[in-house]
Structure formats: C-alpha cells, structure tokens
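Visitor: Got a structure here, written out as structure tokens. Questions coming.
The values are calculated or read from the model by the stated rules, or taken from the named source; none is laboratory data. Note that the coordinates shown come from a computational prediction; the quantities given were computed from them, not determined experimentally. In this analysis, Cβ positions are derived from the backbone assuming ideal geometry, glycine residues included, and neighbour counts consider all displayed protein chains.
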Amino acid sequence: MSKMHVKMTVNGKEVEALAEPRMLLIHFLREELNITGPHIGCETTHCGACTVDLDGKSVKACTVFVAQANGANVTTVEGLVNDDGSLSVLQEMFREHHGLQCGFCTPGMITRAHRLLQENPNPSEEEVRFGMSGNLCRCTGYQNIVKAILAAAAELNAAREAAQ
Amino acid sequence: MIPGVFEYHRPSTITEAAGLLTRFGDDARVLAGGHSLIPMMKLRVANPEHLIDLQDVGELKGVSITSDEISIGAMVTQHELIQNDALASAVPIIREAALQIADPQVRYVGTIGGNVANGDPGNDMPGLMQCLDASYEVAGDKGTRRIAAREFYEGAFFTALADDEILTRIVIAKPQAGSGYAYEKQKRKIGDYATAAAAVIVGPGIGSIAMTNLGDTPIWSAGANDALAKGDVDGAVNAVMAAISPASDNRGPAEFKKHLAGVILRRAIERAQGRAN
Ligand SMILES: Cc1cc2nc3c(=O)[nH]c(=O)nc-3n(C[C@H](O)[C@H](O)[C@H](O)COP(=O)(O)OP(=O)(O)OC[C@H]3O[C@@H](n4cnc5c(N)ncnc54)[C@H](O)[C@@H]3O)c2cc1C
Ligand code: FES
Ligand code: FES
C-alpha cells in the first residue's frame, strides 16, 4: 500500500505527513494530527459533526480523502479561537445561549456557522436554519443554536460598526 | 467505513485526464466532488483501483452565458450554481432546483457534472437537464461529442458515457422569453433525495416536463410536452403518469409515489404557469 506525501495548512500551521490516499480527512485530522475537535457522528455524510472549513467551504471531513485536501487550507473549531486563546464571539454566544447540551455536535455547528456568517453577516432566522441544515443535533431542538448564531451576528455587526 | 486501496492521480488538463482513463480502462474512475462516489467506496460498492481527481482541471470550471446559450463546466459546484446571479436570471430553474439538493456542505463540493454523470435515478439534475433539453459535451481519447440529456440515461447507473470518456460541459439553450418554470420536490426531510420531483417549463406554445426518482432513469415524454404546450394540463399529467414506474422502497409504496407524482406535477405546472407571461 503506497503512501503519499501530503502537505496542508491546518489552523494556520503547515503540516506534512505520509498517508494513504484513501485515508479520510477526518481520520487524518483526529488520528495523525490529534486534532479532535471535529467529531465522527454518522460517518455517512449526514450529521455534520465532522464539518471543517476547507479552502473557504464548509465540508464534511468524513467524505473527503486526505489526497483531495493535499495543498489545502483547513480550519477546525480549534482554529476559530481568538489569537490570545480566548473564545471567539461565536463560541462565546453558544455558551451564553445554551447552544449545546452534550456538546457532540458543537464543533461542527460552530465551524459551519462561522462560514455562514462570513458569507451572510446579517442572516434572518430562516436563513440560519437553512444554512445550518447539514448539521444535526440530538439534544437542543436547535432553538438555542439558532439564537446563539443570531446573537453572534448581532454582536459582530455591532463591533464592525463601532470600528468604523 | 474504510474504502479499498487506490492509486490517486491529479491531472491538470482534460487531455491528461482522458489519457489516464484510457490507460487504466475499467479500473479507473474520475472523482469530482466525491459526494456520490466516496459514500459508495466506503460501502465498497465501488472499488476503483485508480482515482482521477478532476479538481485541478481548469477547463472544466466556469459558466459562460451568451444571448442564446449557456455552457456550464462539469466541475461547477451546486454552491457556485446558486451563487451565480447571471445564471439565475438566464435560467432561474437551475437555482431553484440546486437549492433543493442535499444540504449546504454537500452543495459546496458536489458538482453538476458528477450529478448528471452519476446515473443515480435519485439525482435531481438529470431530470432538470431533460426538462431544459440540455446536451452534454464529452471528451475522450478519440475526440469529443455531444449527447442529448434526453438520450443519455439507459438504466440505473448506466449511461451513454463510454468508460474512457469525461463529461466536460453542459450546454443549455436559453429558455424562450415568456416561459415560466418550477422545480417541485417532495422529500422526507431536508437533505434527502426526492420521493418524487417534477421540473416544468411552460409558456405560450411551450411545454416541457421531466420527473425524478420515479423509475430507473429520469422520465420525460414527448406526448406530455406536446399536450402541455397546447395548454392541455390533464393530457400532460396523464401522459407522464403512464410513463413513470416507481418502485416500493423506504420512501414509500409504489402506489403512494404514483399519487404523489400526480400531486407535485400539478403543483409544479400551476406554479410555472403563474410565472409565465
Ligand atoms: C447526504 C447527501 C445527500 C444528497 N442529496 C442529494 C439530493 O437531494 N439530490 C441530488 O441530486 N444529489 C444528492 N446528493 C448527491 C450529491 O449531489 C453528489 O455530489 C452528486 O450526485 C455527485 O456529484 P459529485 O461531484 O460529488 O460527483 P462524484 O461523487 O465525484 O462522482 C459521481 C460519479 O460520476 C462520475 N463523474 C463525476 N464527474 C464526472 C465527469 N466530469 N465526467 C464523467 N464522469 C464523472 C464519477 O466517476 C462517479 O462515478 C447527496 C449526497 C449526499 C452525501
Ligand atoms: S460524521 Fe461526517 S457527516 Fe456525520
Ligand atoms: S448538543 Fe448534543 S448533539 Fe447537539
């Protein structure tokens, strides 16, 4: 079984490794790099727990071969914290609005919500629900996840206006 | 869920990719977004020994729109289709349908080329392309040819594409001015494949219908299109109902799907007529 040399940027750091091309990106992140924020829920592209940001797109890392991500820029929930290591506004809002219970879906939710707010900084509730429809949660009933994302959008927009 | 072993290739031109396909023949498959192929490989239903990743083939990207024709590269993603405002004004039914496919993460990577080439009766784009009477441009070592979407699908996962051919672009004539459109899809939950879906374009003297997941291939019928163009809605619906052959599965019994097909088709026609002028 021949391995290939893979190189990518993960949470701002260059990483290099030998891996079989068939290795799934989620396994590469968790088992080779010990980045365990992205979770494996269903392993069948349904739940979104494995969501990472790949070259500016939200993708389910259980359905990407490491070979496809060779040369890519990957961000996981670990990479979304502020530079000083404190929680980002979005992460903080999940905490404040009880956007999680068991927390299993949370890294995927936050990583997806991050990209959603990059593309649409001022979403309606309906747009949040539609934009988050690839992520499943067994605990919260979604209400507080939606609240947390809307609150983060409001706070980020207020900060942006204040900075102008 | 670990797929079988394969050798990975990442060509940067169509010629190079076609050369690899010719060289490895049956043992090779092209990889686009991977969101149909990788799940099948994880289940070991597909076991290609060579995967030819098309992500670096620039010729397969981009959408070009002229006054009468739209050409969409095979590697354009569903997300890019939705984001493209010029495309949405030229052929609005594409955005309406793409928004009903899968979920946001799948749409970021799933491509139109993979969706139409796959041959899965559950895919939404093949029926849409039959409704639009689109053609597929394909390239192989022997050169290029065009295949009509209406003649492309032979059975579940069987298409007119040869083993050594790559689908490069999808070409659509701009729908006639004054026509209305609707893509109506019934599914069990968001992100699901269709229990039944209907694509409709209608206007003065214009009628086109195609149905999804109600047989081994998408379904269109010349009789239904002629009837719809003449304004005979009942005739069009009856012709479609005679052409579909849904199977009972976990989305419901065949009888239910037949009933549903009639309901969503009438809904789509009504909505499309409301948009025609
Ligand atoms: C959870 C989930 C839900 C989904 N829901 C829907 C849905 O509701 N509706 C829907 O339509 N689809 C749905 N899909 C499928 C999704 O849209 C796929 O992305 C799409 O079917 C295939 O596109 P792809 O680019 O991922 O192709 P791939 O998976 O890379 O390829 C699919 C097949 O086409 C071949 N192929 C790809 N590109 C070419 C080309 N240019 N030339 C020749 N052959 C090619 C490949 O060899 C392979 O056999 C869903 C997928 C998932 C995982
Ligand atoms: S683990 Fe990837 S979508 Fe569920
Ligand atoms: S918080 Fe438990 S799955 Fe979402």
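Visitor: Would you kindly identify the strands (runs of 3 or more DSSP E) lying entirely within region B:1-54 that contain at least 1 residues that are among the β-branched types (Val, Ile, Thr)?
Guide: Of the strands (runs of 3 or more DSSP E) lying wholly inside region B:1-54, those with at least 1 residues that are among the β-branched types (Val, Ile, Thr) span B:28-31, B:50-53.
Visitor: Which condition from (1) among the hydrophobic types (A, V, I, L, M, F, W, C); (2) farther than 30 Å from B:GLN176 by Cα; (3) surrounded by fewer than 19 Cβ atoms within 10 Å (Cβ to Cβ) is the one that B:LEU21 breaks?
Guide: (3)
Visitor: Look at region B:1-32 and say how many of its residues are out of contact with any strand residue (DSSP E or B) (no Cβ under 6 Å at 6 or more places or on another chain) and of a type in the set (A, V, I, L, M, F, W, C).
Guide: Summing the residues that are out of contact with any strand residue (DSSP E or B) (no Cβ under 6 Å at 6 or more places or on another chain) and of a type in the set (A, V, I, L, M, F, W, C) in region B:1-32 gives 3.
Visitor: Also: Filter region A:2-51 for residues that are within 16 Å of ligand 1 (Cβ to nearest atom) and not in a loop (DSSP other than H, G, I, E, B); which is nearest to A:ASN73 (Cα to Cα)?
Guide: Of everything passing the filter in region A:2-51, A:LEU25 is nearest to A:ASN73 (Cα to Cα).
Visitor: Answer with yes or no whether A:CYS62 is over 19 Å from A:GLY131 (Cβ atoms) and not in a loop (DSSP other than H, G, I, E, B).
Guide: Judged against the criteria, A:CYS62 is a match.
Visitor: Kindly check whether there is at least one residue in region B:185-201 that is surrounded by fewer than 21 Cβ atoms within 10 Å (Cβ to Cβ), assigned by TED's automatic domain parsing to the domain that holds B:ARG95, touching a residue at least 12 places away in the same chain (Cβ under 8 Å) and polar (S, T, N, Q).
Guide: No, the conditions are met nowhere in region B:185-201.
Visitor: Quickly run through region A:42-53 and pick out the residues that are at the interface with chain B (Cβ under 8 Å from one of its Cβ atoms) and over 13 Å from the mean Cα position of the chain (by Cα). Show your work before the answer.
Guide: Going residue by residue through region A:42-53, those that are at the interface with chain B (Cβ under 8 Å from one of its Cβ atoms) are A:43-46, A:48, A:51.
Residues satisfying the conditions are A:GLU43, A:THR44, A:THR45, A:HIS46.
Visitor: Determine which member of the set A:THR44, A:THR51, A:THR75 is more than 19 Å from A:ALA148 (Cα to Cα) and touching a strand residue (DSSP E or B) at 6+ places or on another chain (Cβ under 9 Å).
Guide: A:THR75
Visitor: Would you be able to say whether some residue in region A:49-68 is away from ligand 2 (no atom under 16 Å from the Cβ), touching a residue at least 60 places away in the same chain (Cβ under 8 Å) and among the acidic types (Asp, Glu)?
Guide: No, region A:49-68 contains no residue that is away from ligand 2 (no atom under 16 Å from the Cβ), touching a residue at least 60 places away in the same chain (Cβ under 8 Å) and among the acidic types (Asp, Glu).
Visitor: Among (1) free of Cβ contacts under 8 Å to residues at least 40 places away in the same chain; (2) more than 23 Å from A:ARG115 (Cβ to Cβ); (3) within 13 Å of chain A (Cβ to nearest Cβ), where does B:THR15 come up short?
Guide: (3)
Visitor: Going through A:ASN120, A:ASN135 one at a time, which residue ends up being within 14 Å of chain B (Cβ to nearest Cβ) and either in contact with a Cys (Cβ under 9 Å, 6 or more places away or on another chain) or within 16 Å of ligand 1 (Cβ to nearest atom) (or both)?
Guide: A:ASN135
Visitor: Which one of these does A:VAL81 not meet: (1) hydrophobic (A, V, I, L, M, F, W, C); (2) within 16 Å of ligand 2 (Cβ to nearest atom); (3) exposed (fewer than 15 other Cβ atoms within 10 Å of the Cβ)?
Guide: Checking A:VAL81 against (1) hydrophobic (A, V, I, L, M, F, W, C); (2) within 16 Å of ligand 2 (Cβ to nearest atom); (3) exposed (fewer than 15 other Cβ atoms within 10 Å of the Cβ), the one that fails is (2).
Visitor: If a residue must be touching a residue at least 60 places away in the same chain (Cβ under 8 Å), within 12 Å of chain B (Cβ to nearest Cβ) and surrounded by fewer than 20 Cβ atoms within 10 Å (Cβ to Cβ), how many such residues does region A:1-41 contain?
Guide: Qualifying residue count for the region: 1.
Visitor: How many residues, within region B:58-92, are in a strand (DSSP E or B) and polar (S, T, N, Q)?
Guide: 3
Visitor: Taking the options B:GLU69, B:GLU16, B:GLU49, name whichever one is among the acidic types (Asp, Glu), touching a helix residue (DSSP H, G or I) at 6+ places or on another chain (Cβ under 8 Å) and surrounded by fewer than 19 Cβ atoms within 10 Å (Cβ to Cβ).
Guide: Checking each option against the conditions leaves just B:GLU49.
Visitor: Quickly run through region A:54-66 and pick out the residues that are crowded, with 24+ Cβ neighbours inside 10 Å and either more than 7 Å from chain B (Cβ to nearest Cβ) or farther than 19 Å from A:ARG138 by Cα (or both).
Guide: The answer is A:SER58, A:VAL59, A:ALA61, A:CYS62, A:THR63, A:VAL64, A:PHE65, A:VAL66.
Visitor: Examine region A:72-87 for a residue that is free of Cβ contacts under 8 Å to residues at least 60 places away in the same chain, in contact with a Gly (Cβ under 7 Å, 6 or more places away or on another chain) and either more than 14 Å from chain B (Cβ to nearest Cβ) or not in a loop (DSSP other than H, G, I, E, B) (or both), and state whether such a residue exists. Don't jump to the end; show me each part of the working.
Guide: Going through region A:72-87, the residues free of Cβ contacts under 8 Å to residues at least 60 places away in the same chain turn out to be A:77, A:80-87.
Narrowing the set further to residues that are in contact with a Gly (Cβ under 7 Å, 6 or more places away or on another chain) leaves A:77.
Next cut, either more than 14 Å from chain B (Cβ to nearest Cβ) or not in a loop (DSSP other than H, G, I, E, B) (or both) only: A:77.
Scanning region A:72-87 turns up at least one residue that is free of Cβ contacts under 8 Å to residues at least 60 places away in the same chain, in contact with a Gly (Cβ under 7 Å, 6 or more places away or on another chain) and either more than 14 Å from chain B (Cβ to nearest Cβ) or not in a loop (DSSP other than H, G, I, E, B) (or both).
Visitor: List the number of the failed condition for A:GLU127; all other conditions in (1) in a loop (DSSP other than H, G, I, E, B); (2) out of contact with any strand residue (DSSP E or B) (no Cβ under 9 Å at 6 or more places or on another chain); (3) of a type in the set (Asp, Glu) hold.
Guide: (1)
Visitor: Considering only residues that are in a helix (DSSP H, G or I) and in contact with a Leu (Cβ under 7 Å, 6 or more places away or on another chain), look in region A:96-110 and name the one that is farthest from the other protein chains (Cβ to nearest Cβ). Spell out the reasoning first.
Guide: To start, the set of residues in region A:96-110 that are in a helix (DSSP H, G or I) comprises A:96, A:106-110.
In the following step, the residues that additionally are in contact with a Leu (Cβ under 7 Å, 6 or more places away or on another chain) were identified as A:106, A:110.
Working: A:THR106: 16, A:ILE110: 14 Å.
The residue in question is A:THR106.
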